[in-house]
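What follows is one structure encoded as structure tokens, with my remarks underneath.
Just so it is clear, none of the values below were taken in a lab; they were calculated from the coordinates. In this text, all values refer to a predicted model and were calculated from it rather than measured experimentally. A quick note on method: Cβ atoms are made from the backbone with ideal geometry, for glycine too, and the neighbour counts reach across all protein chains shown.
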């Protein structure tokens, strides 16, 4: 099998270091991709450091992949050599359960195959986009319609679809008032997408200095969530709220902002559960708390095409591969606006 340059975590308490991995020889339905850019998701850090207690080592993170097709299997019909393509959080699923048949592989009842840190069909484990090359079944490869700024498209493969999927599922449009909690890698995409869908967008943040940034991204209003007066001024006024915050916190202040039949959707994954909300806040206006997990292949392609049509990309800082450990430490300090993306040519140049 081909030897591929990568960066990997060998243990939870060690930095990522140069590493060599093997990729399979493409079969009839596979596509071989030279990786050009890979976004850095907070999930990468959680996994590399075993914060979810399920990491398979060595671990090569990365599930926001943009690259070029360099070879295809004999039965591939969707792509050709030279195409610019994307690979997101999934590289496989059972294909026959109800969710897969409905085009929602992200809810595969057998469990979908993660792009990294997952058991594959050969019972080895998957390696992600912190590498120069990847081989993926064509069913999980996505077309890229954007013509420019390919690095900034990479985070759409996770951050973009994580926010797009709930906005579409809860039918956000120009008739809706929508809240986005948090202005990080997820939140800034939520503001852009909800604005493009025509919604009135309210950004909730603990940081007053983010107000002008949020408005530039498309927020109609900015509320400082630590200010009770500002929060109360929006009581029972929103149709839908997406909460991106990945640390445990009180949900009741946000529930109180929902209209009758409103939904608070959680997309952040805290290490410990949120405190239980007051039941009366839910039943008094038939409010709901829900969750959402990325999107299926069809919906992810829809999201990419929507973003191309509306000229939406992520706000990024491009880094060389060798700076990944510094980037992780900066992410922990929220010292990035709003997503790191690795230029994988820098890994090729390390040879």
Mean-position separation - Cα centroids, the range 284-351 and the range 198-243, in angstrom | 22 Å
If one builds a Gaussian network model of the chain from Cα atoms under 10 Å apart, the most fluctuating residue listed among 61, 15, 166 is 15
For peptides 186-192, 197-203, sequence by mean Cβ density within 10 Å, most packed first = 186-192, 197-203
Cα-Cα separations in the range 200-247 greater than 15 Å, expressed as whole percent = 46 percent
How do 124, 93, 143, 118 line up, fewest other C-beta atoms within 10 Å first?
-> 124, 143, 118, 93
Between residue 54 and residue 206, Cβ-based FRET efficiency (R0 45 Å, step 0.05) works out to 0.90
For the range 255-351, state what percent of all Cα-Cα pairs lands in each successive 10 Å bin, counting from 0 Å until the bin that includes the largest distance.
-> 12, 23, 31, 24, 8, 3, 0
May I ask you to give the average projected area over all directions of the convex hull of the Cα atoms of the range 159-291, in nm² rounded to one decimal?
-> 7.1 nm²
Restricting the count to DSSP beta bridges whose residues both fall in the chain, what percent are antiparallel, rounded to a multiple of 5?
-> 55 percent
Calculated [θ] (222 nm, deg cm²/dmol) that DSSP helices of n ≥ 4 give over the chain, each run adding -39,500 (n - 2.57) | -6000 deg cm²/dmol
Length added when fully stretched, residue 227-residue 317, from 0.36 nm per residue minus Cα-Cα = 29.3 nm
The range 267-345 - percent relative contact order, Cα under 8 Å, separation 6 or more = 26 percent
How far is helix 159-169 tilted off the main Cα axis of the chain, in degrees rounded to 10, range 0 to 90?
-> 50 degrees
